[in-house]
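Trainee: Have a look at this one.
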Amino acid sequence: MKLSDLISGGKNRVEILPPDPPCAAINAEYFQADESSNFGLLINQSGGVISEGIVRLLGSTRDTDFRDINMFNIKFGGNGYIILGDDIFGGIFALNTGLLPECPGNIIYLSPDTLEFEDLGIKFSGLFGFLANGDIRGFYGLFPDELFTKCTAMNAGFNQVLSFYPPQWSKEFREGNPDVRAIDVYEHYKMIFTQQ
């Protein structure tokens, strides 16, 4: 099975970044994930995945313009979940390995407006389906159309997220026109996990 068979050819614009083979071998061993699983396909066959320029999954790479899934999880991963990627709005996608005991193996999402992980009710196959054909705009229903368009036009890089003031969890964000700027993704993760 090829990762491209699962996430390419849908209605969404999806880019699969090339993997670094030595990194892929290390990561596959570390996570005990071979190509018989969807997680293994992500690790072994990509250096990352980008859907609609909004959702980014991590892969196996040495390219500093992107992020290696193993190295990034050593820095920011936690007990009970593996960080799979994020979006330009600061949300984090993860694989639940025990953080939410009622839904093991599901994809969970840390929303920047709640700062808590929630169950998306899908497995890896559902995540790949979302990347290929999902209603990505609808997933971010919190954002008014004008703000959503403004954010996507900023073309945030793989190692950037958008920072909002007032922040997304505030009443003022929902009532007004927030200031938006791109920040380094590492800075964002440090802030998110400090606030939890």
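The values are calculated or read from the model by the stated rules, or taken from the named source; none is laboratory data. Source: prediction; values computed, not measured. With ideal geometry, Cβ positions are generated from the backbone for all residues, glycine too; neighbour counts draw on all protein chains shown. All accessible areas refer to the heavy atoms of the entire protein, side chains included, with ligands and DNA or RNA removed. Shrake-Rupley method; radii C 1.70, N 1.55, O 1.52, S 1.80 Å.
Trainee: Between Phe143, Phe76, Phe148, which is of a type outside the set (Gly, Ala, Ser) and under 14 Å from the mean Cα position of the chain (by Cα)?
Mentor: Phe76
Trainee: Counting just the residues of segment 139-160 that are open to solvent by 40 Å² or more (accessible area, probe 1.4 Å) and part of a helix (DSSP H, G or I), which one comes out nearest to Arg67 (Cα to Cα)?
Mentor: Thr152
Trainee: For segment 42-49, check the following and say yes or no: at least one residue is under 25 Å from Met191 (Cα atoms) and crowded, with 16+ Cβ neighbours inside 10 Å.
Mentor: Yes: one or more hits.
Trainee: Is at least one residue of segment 54-61 at pLDDT 95 or above and open to solvent by 20 Å² or more (accessible area, probe 1.4 Å)?
Mentor: no
Trainee: Further question: List the pairs whose first member sits in segment 162-181 and is closer than 10 Å to Leu147 by Cβ, whose second member is assigned to a loop (DSSP other than H, G, I, E, B) and open to solvent by 30 Å² or more (accessible area, probe 1.4 Å), and whose Cβ atoms are under 6 Å apart, counting only residues at least 6 apart or on separate chains?
Mentor: Filtered contacts from segment 162-181: Phe173/Pro166; Pro178/Pro166.
Trainee: For segment 68-118, enumerate the residues that are of a type in the set (Val, Ile, Thr), open to solvent by less than 10 Å² (accessible area, probe 1.4 Å) and assigned to a helix (DSSP H, G or I).
Mentor: Residue satisfying the conditions is Ile69 alone.
Trainee: Here's another thing I want to ask about it. Given Ser4, Ser36, which one is surrounded by fewer than 16 Cβ atoms within 10 Å (Cβ to Cβ), more than 25 Å from Gln168 (Cβ to Cβ) and touching a helix residue (DSSP H, G or I) at 6+ places or on another chain (Cβ under 9 Å)?
Mentor: Being surrounded by fewer than 16 Cβ atoms within 10 Å (Cβ to Cβ), more than 25 Å from Gln168 (Cβ to Cβ) and touching a helix residue (DSSP H, G or I) at 6+ places or on another chain (Cβ under 9 Å) holds for just one of Ser4, Ser36, which is Ser4.
Conditions tested, residue by residue: (1) within 22 Å of Phe76 (Cβ to Cβ); (2) of a type in the set (Val, Ile, Thr); (3) modelled with pLDDT of 95 or more.
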residue	(1), (2), (3)
Leu142	no, no, no
Glu146	no, no, no
Thr149	no, yes, no
Ala153	no, no, yes
